[in-house]
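The structure appears right after this line, and notes come after that.
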Amino acid sequence: MRKIAAIFLFLSVLTLTFSCRKDGIEKSSSARLSFSTDSLLFDTVFTTFGSTTKRLKIYNPNSSPLNISSISVGNGTNSQFRINVDGVSGNSHKDVFIGANDSLFIFAEVTIDPNNTLTPFVVNDNINFVVNGNNQHINLAAWGQNAHYFVANKSVNGIPLVYLDRDNSNTALDSTWVNDKPYVIYGGYLTLDGDDKLTIEAGVRVHMHNGAGIWVYENGNINVNGTKDEPVTFQGTRLEHAFQDVSGQWDRIWINGNASGTDNVFNYAVIKNGFIGLQAEPDPFLSTPPVTTNKLRLNNCKIHNNSVAGILAKNYQITDTNSIISNSGQHNLLVQGDGVYQFYHTTFANYWSESTRKTPSILLQNAYIGTVNGVSTTIVSNLTAVDFYNCIVHGDQEIEFDTETISGGTINFSFNNCVLKTSNDVSGSNYVNLALNPTADLFVDKSLYDFHLADGSPAINAGDNTITVATDHDGEVRSDGSPDIGAYEKQ
């Protein structure tokens, strides 16, 4: 009888166990899921633009498989969020199997609807899970930002563009961008043509999507009026923290000739994370363009982290004061052909780290590729003048300044009271009062792009006091009669 009782008890326990684990699937009401995080937060996303993809990992910590009765987004098809469960798209999923001690992935995105709000705003939702009658959820949250949009709607010579007036009439337009919402350029170049004039006020943020840029063509004109406290920023459309220092997110600001002779001016502009920061040249469709009569004037700018060049100039005129041009994939400054270029208290610092750089921070060439009788040809010229006054040229290469002189032309340049890193011969009248190849720290922290002068920097009090630039990049007065070299005066 005892054996029969024991067998009966065993069968009873076995029956009870299988009543909870039909087909091996855990049926207990105590079974729950675990997650890699309790919320998915999306950094600021422009309205109507899709976000980056976020990943959520779901764990089954139980020793038996689970059947997830449902996985759904709270607002269903009306939600601004979208999910994909282990490769299957949709905001509602039924009977999702997950093995014992196994996991699966959910991928989430968001596209935020525009509204009338000027400042960033939050949208929320949940991913809901039901397992054996238990309800669990993951929070979804995203910051949305409305913007002024310029979307390419025309092609000229194979170049996608949108005119400033956006209706393709290409009539002359004076426009002022105010600091209310960001300005987003998508799919091509915002093009200033036909005497268009664009004025950008302090604090404006301009965002260009992959491959997009600004093209100041022929008679177009641009004036950027940033201030020390409210610079104008040009960058990509990816606003997540992980993209704040990723180069190549957009194309370039392309400055061409201006028949009216009106200068293009950038005051306190931050130009970062593009392919080329600024490209200045005459009409690119001319076979052998002459040097422009107008100038590109830069004052107190930061041109940073562009994958090819900070400034690319050809047959142009540029004057810069107190700017910092840093961390370019090839050159902070590349000059080709002819032109006149003057730099006062400019800091050229190149410690590029995204890839291997073997090119000098500054390269001067007296030639460029042009077209003669329909044939691509190297055009050789005399490079009239490239002059550096109280400038820093430094980086992590042995040679940070170099020239390439093509026979039949010349390159005229000078360094006056500059910090210069190069192993080239610096004898001769081109070089005056150099602090050559300094070993002491120049900057406070180049890894954090802080190019203020370090204590004991050889740039301190080493400038030419006949160069009258009254204030530095921070607006601090150069008042001791012995100015520091570079964009910053040591305080």
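Since every read-out is calculated from the coordinates, none of them should be taken as a lab result. Computed from a prediction, not measured in an experiment: that's the story for all the values here. Backbone-built Cβ (ideal geometry, glycine too); neighbour counts: all protein chains shown.
Equivalent-ellipsoid semi-axes for the range 246-354 (Cα gyration tensor, √(5λ), whole Å, largest first): 22, 15, 12.
Across all directions of projection, what mean area in square nanometres is found for the Cα convex hull of the range 367-472?
Details: hull surface 38.4 nm².
The directionally averaged projection comes out at 9.6 nm².
The helix-based estimate of mean residue ellipticity at 222 nm for the chain, built from -39,500 (n - 2.57) per DSSP H run of four or more residues and divided by its residue count, is -1500 deg cm²/dmol to the nearest 500.
Relative contact order for the range 22-144: what percent, with Cα pairs under 8 Å and sequence separation of 6 or more?
Details: 290 pairs, mean separation 43.3, N = 123.
Relative contact order for the range 22-144 comes out at 35 percent.
For the pair D180 and E404 in one chain, pulling the backbone fully straight at 0.36 nm per residue adds 76.0 nm over the alpha carbon distance. The angle separating the long axis of helix 2-20 from the principal Cα axis of greatest extent in the chain is about 40 degrees. Paramagnetic label reach from N134 (point 7 Å along Cα→Cβ; backbone nitrogen cut-off under 18 Å): within the range 30-62, residues 30-39, 57-62. Calculate the length of the line joining the C-alpha centroid of the range 260-338 to that of the range 45-79, in whole Å. First find each Cα centre; the distance between them is then 46 Å.
The magnitude of the dipole of the chain, with charges of +1 and -1 set on the Cβ of Lys/Arg and Asp/Glu and taken from the Cα centre, is near 2500 debye. Seen from all directions on average, the range 148-240 presents a Cα convex hull projection of 6.0 nm².
Restricting to bridges with both residues inside the chain, how much of the DSSP beta-bridge set is antiparallel, in percent to the nearest 5?
Working: 50 of 155 bridges.
Approximately 30 percent, going by the DSSP bridge assignments.
3J(HN,Hα) couplings calculated from phi for the range 195-212 with the Karplus curve 6.51 cos²θ - 1.76 cosθ + 1.60 (θ = phi - 60°) are, in sequence order, 6, 4, 10, 10, 10, 10, 7, 4, x, 5, 10, 10, 10, 10, 6, 3, x, 8 Hz; Gly and Pro show x.
Using a cut-off of 31 Å between Cα atoms, the listed pairs K314/K446; K181/K421; K54/K197 include K181/K421; K54/K197 as exceeding that distance. Multiplying the residue separation of D102 and N373 by 0.36 nm and subtracting their alpha-carbon distance yields 90.7 nm. Among I112, N416, A385, pick out the residue whose Cα is farthest towards the positive end of the charge dipole of the chain, where Lys and Arg carry +1 and Asp and Glu carry -1 on C-beta, about the Cα centre. Looking along the dipole axis, the top candidate is I112. At q = 0.07, 0.08, 0.11 Å⁻¹, what log₁₀ I(q)/I(0) does the chain have when each alpha carbon counts as one equal point scatterer in the Debye sum? At q = 0.07, 0.08, 0.11 Å⁻¹ the computed log10 ratios are -0.51, -0.62, -0.94.
Simple rule: put +1 on each Lys or Arg Cβ and -1 on each Asp or Glu Cβ in the range 147-453, find the dipole, and look at T292, L164, L363; the Cα lying farthest toward the positive end is L164. Note on T44 and S28: the model spin-label points, each 7 Å out from Cα along the C-beta direction, lie 4.8 nm apart. 3J(HN,Hα) along the range 34-40, derived from phi through the Karplus expression 6.51 cos²θ - 1.76 cosθ + 1.60 where θ = phi - 60°, amounts to 10, 10, 6, 7, 9, 7, 10 Hz, with x in place of Gly and Pro. Amide H to amide H, with H built 1.01 Å from N, R357 comes under 5 Å of no residue 5 or more places away or on another chain. A simple packing score, the average count of other Cβ atoms within 10 Å per residue, orders the peptides 327-334, 114-121 as 327-334, 114-121, with the highest score first. Projected label points at N124 and A470, each 7 Å from Cα along the beta carbon direction, are separated by 5.3 nanometres. Just to be sure I understand the model, the point goes 7 Å from the Cα along the line to the Cβ. What's the resulting D245 to V291 distance in nm? My value for the distance between the label points is 3.8 nm. At q = 0.10, 0.13, 0.18 Å⁻¹, what is the log10 ratio I(q)/I(0) for the range 22-144, with the Debye formula run over Cα points and no solvent? Rounded to two decimals, the profile gives -0.33, -0.53, -0.89.
Report the extension gain between D441 and S89 in nm, rounded to one decimal, defined as 0.36 nm multiplied by the number of residues separating them, less their alpha carbon distance. The partial results should precede the final answer.
Values: separation 352, 0.36 × 352 = 126.72 nm, distance 5.42 nm.
Difference between extended and current length: 121.3 nm.
3J(HN,Hα) along the range 450-462, derived from phi through the Karplus expression 6.51 cos²θ - 1.76 cosθ + 1.60 where θ = phi - 60°, amounts to 9, 9, 5, 6, 6, 4, x, 4, x, 7, 6, 6, 9 Hz, with x in place of Gly and Pro.
Over the range 431-489, the fraction of Cα-Cα pairs per 5 Å bin, rounded to whole percents and listed from the shortest bin up, is 4, 18, 28, 26, 16, 7, 0.
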